[in-house]
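Please treat every number below as a calculation from the coordinates, not as lab data. Keep in mind that what you see is a predicted model, and the values were worked out from it rather than measured. Counting neighbours? That spans all protein chains shown, and the Cβs are built from the backbone with ideal geometry, glycine included.
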Amino acid sequence: MKILIDINILIDYFLHRPEFYENSKLVINYCFFIVNGYIAAHSFSDMYYVLHEKEKRDIEYCRTVFLKLCQMFEVCTLDKQRIIEASNNLNFNDFEDSLQSSYAESAGLDYIVTRNISDFKNSSVPAITPEIFISMIN
């Protein structure tokens, strides 16, 4: 199984958000040992903004996080044509979600794991919650 990890799962994990941490930790651990995990390339800049600018984590912390992510996950990229398609995709109200869906589709992934499955109701790659993903693995 190949899954795209939405940025909200990554942020939950690295910020130890109490209500979401345990499930995000399981998702990430399963990617390390059981399934193939992928992260969209733009997630790194989004995470930098959240971790450094909003949460005031230092640059060294961010670098360490990003290097760990690159060791554990594949990174999905898009070419110009796919970005144009994502920009013109009227099935999405949010450009970032359209990009995530396009990454998952272009990489041939099975699922997008996210807390916000309603954001991906029009995605060609099904979105599942961490809880559903964990139950599928167990």
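Structure data summary
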{"item": "Exceeding the 24 Å Cα-Cα cut-off - candidates K25/K54; K25/K68; K2/K25; K56/K121", "result": "K56/K121"}
{"item": "Length released on extending from Q81 to N36, taking residue separation times 0.36 nm less the Cα-Cα span", "result": "13.7 nm"}
{"item": "Size of charge dipole - the range 7-65 - debye, nearest 20, with Cβ of Lys, Arg +1 and Asp, Glu -1, no other charges", "result": "60"}
{"item": "Leading residue at positive end of dipole, the chain (Cβ point charges), from V35, I112, F20", "result": "V35"}
{"item": "Using distinct alpha-carbon pairs, which all enter the 1/r mean, Kirkwood radius of the range 7-138 in Å", "result": "15.3"}
{"item": "The chain - charge dipole about Cα centre, Lys and Arg +1 at Cβ, Asp and Glu -1, debye rounded to 20", "result": "240"}
{"item": "Point-to-point label distance, C70-N116, nm (Cα→Cβ direction, 7 Å offset)", "result": "2.7"}
{"item": "GNM result for the chain, Cα springs below 10 Å: residue of Y61, Y38, Y48 fluctuating most strongly", "result": "Y61"}
